[in-house]
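The values are calculated or read from the model by the stated rules, or taken from the named source; none is laboratory data. Quantities reported herein were computed from a predicted structural model and do not represent experimental measurements. No Cβ is skipped: glycine too gets one built from the backbone with ideal geometry, and neighbour counts run over all protein chains shown.
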Amino acid sequence: MSTLDASTIKKVVVACDAGMGSSVMLAGQLSSSLAPYSVKVQHSPVNQIPDDADLVLCQQGLVSRAKAVKPDKPVLGFTMFLGDPVFDKLQKAIRDGGQLEY
Amino acid sequence: MSTDTLTADAIRLGATAADRAEAIEQCGRLLVDLGAVDEPYVAAMHEREQVVSTFVGEGVAIPHGTNEARKYVRRTQLAVVQFPDGVDWGAGTVHLCVAIAASGSEHVEVLAALSKVLMDSDKAAVLRSATDAATVLSLLGNDQQEAHA
């Protein structure tokens, strides 16, 4: 388990296999919840994660692929699109500037 | 704003499917019939589903192809297939599929509308049990002008 200083997060990338469905939906949800903290949220296919991502979010089953593509990036996995606790954890850490475990 | 990525002719209510594969097949077939994708896209939808489930919660799944299969997408198009009896999707029972064929990002607004609907369980229930295409279109924000009229 590593930690990331949440105050350094400026760009969150939601990655999915194709970058056309799941990640688009989730990026839409997260961009509204993280907008007050000036954090950008973008979606992308898992094999095209942009270099300037501070944090990568993807479905649990894709975490190892995301890490293979970007070994130096923090990757958080989630299992549910609606109401996964990891989204709350992320929002709280960004709001309070705390440490985020990943 | 014009969003023609979801239109009434792309909405099938009252469908039945024995299992997840059959439901995805129907979604893919509809996208082919609409002229939105070439045949191989359907196989990619099955493949994508096996990588990670497209179940998003509230009885909804969003089947779509893989990144490699984008070349089979002729135009960005969404299609809705409703299964009133439900389809076992592993993580839950699906009553509504929003099938996606995307070459660009024209469909983002409809998916954003979908995600808002799903965060409101009352609206999600209305969407799942819609009995006409107009209800689906109004919830997914495709006919804003008519909704305001």
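With the requirement that a residue be touching a Ser or Thr at 6+ places or on another chain (Cβ under 7 Å) and among the small types (Gly, Ala, Ser), what does region B:15-50 give you?
B:Ala44, the sole residue that qualifies.
A quick yes/no check of all residues on (1) in a strand (DSSP E or B); (2) surrounded by 20 or more Cβ atoms within 10 Å (Cβ to Cβ):
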site: A:His43; (1), (2): yes, yes
site: A:Gly61; (1), (2): no, no
site: A:Gly77; (1), (2): yes, no
site: A:Leu82; (1), (2): no, no
site: A:Phe87; (1), (2): no, yes
site: A:Gln91; (1), (2): no, no
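Out of all the residues in region B:44-51, is one or more within 27 Å of B:Ser129 (Cα to Cα), within 12 Å of chain A (Cβ to nearest Cβ), assigned to a loop (DSSP other than H, G, I, E, B) and at pLDDT below 95?
Scanning region B:44-51, I find no residue that is within 27 Å of B:Ser129 (Cα to Cα), within 12 Å of chain A (Cβ to nearest Cβ), assigned to a loop (DSSP other than H, G, I, E, B) and at pLDDT below 95, so the answer is no.
So the check is Cβ under 6 Å with 6+ separation or different chains; which pairs have a first residue in region B:113-133 that's closer than 17 Å to B:Ile62 by Cα and a second one that's of a type in the set (Asp, Glu) and at pLDDT 90 or above?
These pairs meet every condition: B:Leu118/B:Glu58; B:Ala124/B:Glu58.
Take region B:68-103 and flag every residue that is in contact with a Lys or Arg (Cβ under 8 Å, 6 or more places away or on another chain), among the hydrophobic types (A, V, I, L, M, F, W, C) and assigned to a strand (DSSP E or B).
B:Ala79, B:Val80, B:Val81, B:Val87, B:Val94, B:Leu96, B:Ala101
Going by the conditions given, is B:Ala17 in contact with a strand residue (DSSP E or B) (Cβ under 6 Å, 6 or more places away or on another chain) and closer than 22 Å to B:Leu140 by Cα?
Judged against the criteria, B:Ala17 is not a match.
Quick check, is B:Ala130 buried (at least 18 other Cβ atoms within 10 Å of the Cβ) and closer than 23 Å to B:Thr16 by Cβ?
Criteria met by B:Ala130.
Given the residues B:Ala149, B:Ala125, which is the only one that is of a type in the set (Gly, Ala, Ser), modelled with pLDDT of 90 or more and more than 21 Å from B:Glu49 (Cα to Cα)?
Testing whether each residue is of a type in the set (Gly, Ala, Ser), modelled with pLDDT of 90 or more and more than 21 Å from B:Glu49 (Cα to Cα) leaves just B:Ala125.
Regarding A:Ser44, is this residue under 24 Å from B:Ser115 (Cα atoms), without any contact (Cβ under 8 Å) to a residue 40 or more places away in the chain, within 12 Å of chain B (Cβ to nearest Cβ) and under 13 Å from the mean Cα position of the chain (by Cα)?
So A:Ser44 fits the description; yes.
If I go through region B:52-93 residue by residue, how many of them are within 11 Å of another protein chain (Cβ to nearest Cβ) and hydrophobic (A, V, I, L, M, F, W, C)?
10
Go through region B:17-39 and report how many residues are in a helix (DSSP H, G or I) and either within 14 Å of chain A (Cβ to nearest Cβ) or aromatic (Phe, Trp, Tyr) (or both).
Going through region B:17-39 one residue at a time, the tally reaches 4.
Out of (1) surrounded by fewer than 20 Cβ atoms within 10 Å (Cβ to Cβ); (2) in contact with a helix residue (DSSP H, G or I) (Cβ under 7 Å, 6 or more places away or on another chain); (3) under 14 Å from A:Ala6 (Cα atoms), what's the single condition that is false for A:Val39?
The number of the failed condition is (1).
Kindly provide the set of residues from region B:110-122 that are assigned to a helix (DSSP H, G or I), more than 9 Å from chain A (Cβ to nearest Cβ) and more than 13 Å from B:Ser138 (Cα to Cα), ordered by number.
Within region B:110-122, B:Ser121, B:Asp122 meet the criteria.
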